[in-house]
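**Q** Sharing a structure here in structure tokens format.
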Amino acid sequence: MKMKFSGTVLLVSLLGLTACGETMSEDERQRRIDDWRQVGQQIEKDLNANADSLVRACVTRLEGQPIDDARLGQAPFRKTVSGEKIQYHGHWKGDYVAQVDKVLLITEPGECRFMFGTELKPIEGHKFQAFQLKPLYTQQFNKSGYRLSKFAPALLGERFANASLRALIPGPTYKNPEGRLTAKKGALELDIDIYTIRNKSDQEVQRQVIEIKK
């Protein structure tokens, strides 16, 4: 069973909906579904409430300033450091069985990767949709002094070329380009690429990634 909460994908194993090899009762199944739904809503609430802290943790590092990430060391967040790589995690637990541990943001010298913060939206002047920055995160970049360019969707040729190479990529998933934009602050320009990790079998989105580089 798969449940989605506004861009946060929660996977509930089919084994989690069975007990001792037998299908569980409808009441038990509904209790688990409600628990996962509550966790998904809490994740969305916490990410939105802390969007400013998450964006600042990225941009202050890219700017070479002291990293502004104090809030991200407190529950439900956790910070881990390995060499020059910093990872920010989120941990949420429901009242029954639901539990999520998720890497939210990775920062390295000259680069950040967000694992959230996009939504599927129509593209002006085109007949298809693409994952783009949520307005909340656009606002946070603006508040940090950045001027964002217009979103440029991945060209159809780029999408077709990517599709033709899927069979050559090992594993069950592939990287699908969604589009790009730039963020400027004075002399500093950041390249922002948005892509999704999708199943080869059914194109289902497993992860959304915002990759930011100097």
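The values are calculated or read from the model by the stated rules, or taken from the named source; none is laboratory data. All values derive from a computational prediction rather than experimental measurement. Positions of Cβ are generated from backbone atoms using ideal geometry, with glycine treated the same way; all protein chains shown enter the neighbour counts. These area figures cover heavy atoms from the full protein model, side chains too; ligands, DNA and RNA do not enter into them. Shrake-Rupley method; radii C 1.70, N 1.55, O 1.52, S 1.80 Å.
**Q** Exactly which GluC sites (Glu not before Pro) in the stretch 165-206 are in a DSSP loop and have at most 15 other Cβ atoms within 10 Å?
**A** Answer in residue order: E204.
**Q** So what is the relative contact order of the stretch 71-141, in percent, for Cα pairs below 8 Å that sit 6 or more residues apart?
**A** 17
**Q** For Cα pairs less than 8 Å apart in space and 6+ apart in sequence, what is the mean separation divided by the residue count of the stretch 14-155, i.e. the relative contact order in percent?
**A** 17
**Q** Expressed as a whole percentage, what fraction of the accessible surface of the stretch 39-101 belongs to carbon and sulfur atoms when a 1.4 Å probe is rolled over the protein heavy atoms?
**A** 43
**Q** Here is a further query. If I stretch the segment between E63 and K214 completely, what's the gain in nm (0.36 nm per residue apart, minus their alpha carbon distance), one decimal?
**A** 53.5 nm
**Q** Still on this model: State, to one decimal in nm, how far the label point of E26 lies from the label point of E84, with both points 7 Å from Cα in the Cβ direction.
**A** Placing both labels 7 Å along Cα→Cβ, they lie 5.9 nm apart.
**Q** Give me the one-decimal nm value for the distance between modelled label points at I169 and Q129, 7 Å along each residue's Cα-to-Cβ direction.
**A** So the two model labels end up 2.1 nm from each other.
**Q** For the stretch 32-49, what does the Karplus curve 6.51 cos²θ - 1.76 cosθ + 1.60, with θ = phi - 60°, yield as ³J(HN,Hα) per residue in whole Hz, taken in order and with x for Gly and Pro?
**A** 5, 4, 4, 5, 5, 5, 5, 5, x, 5, 5, 4, 4, 5, 5, 5, 5, 5
**Q** Taking the Cβ of R56 as the centre, find all other residues whose Cβ is under 15 Å away and add up their charges (Lys, Arg: +1; Asp, Glu: -1).
**A** +1
**Q** Ignoring everything but the protein chains, give the 1.4 Å probe accessible area of M24 in square angstrom, nearest 10.
**A** Surface accessible to solvent at M24 totals approximately 20 Å².
**Q** Report the gain in length on full extension from N199 to L120: 0.36 nm times residue separation, minus Cα-Cα distance, nm rounded to one decimal.
**A** Taking N199 through L120 to full extension adds about 26.7 nm, to one decimal.
**Q** Moving to a separate point now. So, R0 is 45 Å and r is the distance between the beta-carbons of H91 and L155; what FRET efficiency does that work out to, to 0.05?
**A** Computed FRET efficiency for H91 and L155 comes out at 0.70.
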